[in-house]
Amino acid sequence: MSGNIAVLVGGVGGAKLASGLAELLPPRQLTFIVNTGDDFWRLGLKICPDLDTVMYTLAGLVDAEAGWGVAGDTTAALDSLEQLYGLEPWFRLGDKDLATHLLRTQLLRQGRTLTEVTACLRRRLGIGATLLPMCDADMPTRLDSLEHGELGFQEYFVKRRWQPTVRAIRHPNSAGARLTPAVNGALDEADLVLIAPSNPWLSIGPILAVPGMRRALMNLSVPVVAVTPIIAGAAVKGPTAKIMRELGLPVSAAAVAQYYDGLINGFIDDCRNEALPIAGLRCARLNTLMRSPEDKIALARAGLEWIESWTT
Ligand code: FO1
């Protein structure tokens, strides 16, 4: 695939496809537009989980088992906070991971934007692909739960292990967010936009909620293709299927394609799902279950070849 590819991506699932693409394509062709709705301040540090998952994955540093944090990390600082000061360590910050949060927080406090800070971090890690936060403003995802009312993302996802029943997902600060020149430029220069198999409602939804993002995508004249996060009626990992049920949706790839309706003109479904007859939507049926580095590369290659088959 020649040309520039912009990828909308959230956490763990999306990072797998990101690494497959990065193995396949020259880094200058790749721009990842990453969800920052999971971001929050912890111990005075700005934590950006999805940016860090993609960054650590592309740098070969990620704890592949967990899908986040740094492989082989220790928790001496966190253990001291608990043992010396009684701090409940519900959010596990590793010692090596802390280096990222310390430097990012310092650079932000110097007045740099999250876009500038992210560029600095990924360059120092030797990552050639471009990594962009979906916006520079804080735009935290909030969830209305049946049992506990409104929850912050990490309280829902980590502290309460995504068990609360989700009634609605909100982005209360979206009015203060704007498309950055970097995101606008990446979309303008894209020859293809991919929506990675991240949680559509929790990870891609916040990106689409940035004012102007949907319009920018709809104005593109290049393919916009989503990859299913649902395989055989279930999510590979995390609360996607549970949230779909709680939002009253069928747990199906078709419901995901419907969520992206109007934004996408192609859909990469999984070969294990039953056929996905959606009028006007080109659909491929590939192995989207990425259990090994080879699977990630194979999906990236097969997906790009399929897209090329109807665009050149
Ligand atoms: N996820 C967990 O389930 N437990 C944790 O303690 C945890 C800590 C953590 C620290 C830094 C970071 O970048 C991510 C971390 N995550 C943790 C993952 C994170 O909550 C999720 O990856 C995203 O927010 C959802 O995609």
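Details
- Sole residue being part of a helix (DSSP H, G or I), closer than 30 Å to Gly176 by Cβ and away from the ligand (no atom under 11 Å from the Cβ), chosen from Gln83, Gln106: Gln106
- All positions within the range 50-64 that are in contact (Cβ under 8 Å) with a residue 40 or more places away in the chain and either open to solvent by 20 Å² or more (accessible area, probe 1.4 Å) or closer than 18 Å to Gly238 by Cα (or both): Asp50, Leu51, Asp52, Thr53, Val54, Thr57, Leu58, Ala59, Leu61, Val62
- Residue match in the range 70-91 (condition: over 30 Å from Gln29 (Cα atoms) and in contact with a Ser or Thr (Cβ under 8 Å, 6 or more places away or on another chain)): yes
- If the condition is being of a type outside the set (Val, Ile, Thr), surrounded by 14 or more Cβ atoms within 10 Å (Cβ to Cβ) and in contact (Cβ under 8 Å) with a residue 40 or more places away in the chain, then the range 283-294 contributes Leu289, Met290.
- Among the criteria (1) within 30 Å of Thr165 (Cβ to Cβ); (2) free of Cβ contacts under 8 Å to residues at least 60 places away in the same chain; (3) crowded, with 16+ Cβ neighbours inside 10 Å, the one Gly266 does not fulfil is (1).
- For the range 65-73, the condition of being buried (at least 16 other Cβ atoms within 10 Å of the Cβ), part of a loop (DSSP other than H, G, I, E, B) and away from the ligand (no atom under 16 Å from the Cβ) holds for none of the residues.
- With respect to (1) under 27 Å from Leu299 (Cβ atoms); (2) assigned to a helix (DSSP H, G or I), the lone exception for Leu194 is condition (2).
- All of Thr165, Thr130, Thr113, Thr180 fail the test of being surrounded by fewer than 18 Cβ atoms within 10 Å (Cβ to Cβ), closer than 24 Å to Leu30 by Cα and away from the ligand (no atom under 13 Å from the Cβ), apart from Thr113.
The values are calculated or read from the model by the stated rules, or taken from the named source; none is laboratory data. All values derive from a computational prediction rather than experimental measurement. Positions of Cβ are backbone-derived with ideal geometry, glycine not excepted, and every protein chain shown enters the neighbour counts. Quick note on the areas: whole protein, heavy atoms, side chains included, nothing else; ligands and nucleic acids left out. Shrake-Rupley method; radii C 1.70, N 1.55, O 1.52, S 1.80 Å.
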